[in-house]
1. On a C-alpha basis, how far is the centre of the stretch 30-59 from the centre of the stretch 86-113 in Å? Whole number, if you could?
2. With a/c under 1.5 counting as rounded, go ahead and sort the stretch 289-374 into rounded, prolate or oblate using the C-alpha gyration tensor (a ≥ b ≥ c being the square roots of the eigenvalues; past the cut-off, prolate if a/b is larger than b/c, else oblate).
3. Would you work out which of L111, W331, T348 lies farthest towards the positive end of the dipole of the chain, given +1 charges on the beta-carbon of Lys and Arg and -1 on that of Asp and Glu, about the Cα centre?
4. Label K56 and E169 with points 7 Å out from Cα along Cα→Cβ: what is the distance between them in nm?
5. Among Y340, Y272, Y124, which one shows the biggest mean-square fluctuation in a GNM of the chain, springs joining Cα atoms closer than 10 Å?
6. Could you derive backbone 3J(HN,Hα) for the stretch 165-177 from the dihedral phi with the Karplus parameters 6.51, -1.76 and 1.60 (θ = phi - 60°), listing whole Hz in sequence and x where the residue is Gly or Pro?
7. If I fit a long axis through the Cα atoms of helix 355-364 and take the longest principal axis of the Cα atoms of the chain, what angle between them do I get, 0 to 90°, rounded to 10?
8. What accessible area per residue, rounded to a whole number of Å², is obtained for the stretch 223-374 using a probe radius of 1.4 Å?
Amino acid sequence: MTVGTGAGIETADMVLNIGPQHPSTHGVLRLKLTLDGERVVACEPIVGYMHRGAEKLFEVRDYRQIIMLANRHDWLSAFANELGVVLAVERLMGIEVPERAVWLRTALAELNRVLNHLMFLGSYPLEIGAITPMFYAFRERETLQAVMEEATGGRMHYMFNRVGGIKEEVPAGWTRRAREAIALVRKRLPDLDRVIRQNDIFLARTVGVGVLTAAQAAAYGASGPVARASGLDFDLRRDEPYLAYDQLTVPVVTKTAGDCHSRFEVLLDQAYVSLDLASECLDRVDRISGPVNVRLPKVVKAPEGHTYAWTENPLGINGYYLVSRGEKTPWRLKLRTASYANVQALATLIPGCLVPDLIAILGSMFFVVGDIDK
């Protein structure tokens, strides 16, 4: 298509591909852009390059094996992914999980949330030219990774949830070491906060850029930090509690501007909230004794029926629709993932912006491509 410039010169729109492999796409994602000079006229997100067929693989693996598959779709939220699957299976089987396991799950879920947020708090500024926050973010990540690894044996793919509880009791003295790690991260997190939140260059690149209104966020089914930065005050931990969240006061961080900076701020402020929640959960764990799982038969079969479990994952709402025909494998297990809904909004957010702002907008949507392609 040619466009008249008003000066008697005609220019042609250019089609440009960002990706599939690009430093700011957090995985194999392709954006097909139509450009008029430096301005984006249209954006088409194209997904599917990583598709691993997880939802079909669920149908030929038993209820213990599917935890491993679910663990990996958002590799930064592995513990939360496991959790959604086991909650769905437990609900269908009518299993009551021991109280100590419930509180340990809640504590670990919040630690996993902080780890997820720290990755984006470091990588997002890096994508728009600031390298220093990455070093601060990874310093804090390693502190928390150490206690997660001690408890679960894994650094990324924890495989600690089981149908009926968790894999095993945490090591002696672990809750004390975890609290010390949380206190250290809480003390040092302001270092990251100070270096980036009010940085003049960062503000110039993010304030007023990529505005997603509350109505648009709701229309696309956006959730998590992306939706709350646009003013959607919704968090399952408070509004439809699971695990031990009904016994906790969960402050929900919201902003109203809906721009890139608001999304970053929500993520940063939520990290402080999750540290406090994890610490509170660990205090409760120390006051509770007893088992951390229930004894299951050698072959686990869910009764015939269907259920839907949803959780407030670090990047937003994840839903797990489980259908059973009474066999040892699910008849169907459908995932509703946060990243898939959030990334759809790019088609609305990006047109009209300049190419340099495109990367700032893309990074601020906080998605993991494995969570899109599943």
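The values are calculated or read from the model by the stated rules, or taken from the named source; none is laboratory data. Given the structure is predicted, the values throughout are model-derived calculations rather than measurements. Note that we place each Cβ from the backbone using ideal geometry, even for glycine, and neighbour counts take in every protein chain shown. The protein model used for the area step is the full one, side chains on, heavy atoms only, and it has no ligands, DNA or RNA in it. Shrake-Rupley method; radii C 1.70, N 1.55, O 1.52, S 1.80 Å.
1. 34
2. Details: a/c = 4.18, a/b = 2.43, b/c = 1.72.
Prolate shape, in that a/c is at least 1.5 and a/b is the bigger ratio.
3. It is W331.
4. It works out to 4.5 nm between the two label points.
5. Y272
6. Working through the residues one at a time gives x, 10, 4, 6, 5, 6, x, 4, x, 5, 5, 5, 5 Hz.
7. Once rounded, one gets 10 degrees.
8. Values: 5500 Å² over 152 residues.
On a per-residue basis, the stretch 223-374 sits at 36 Å².
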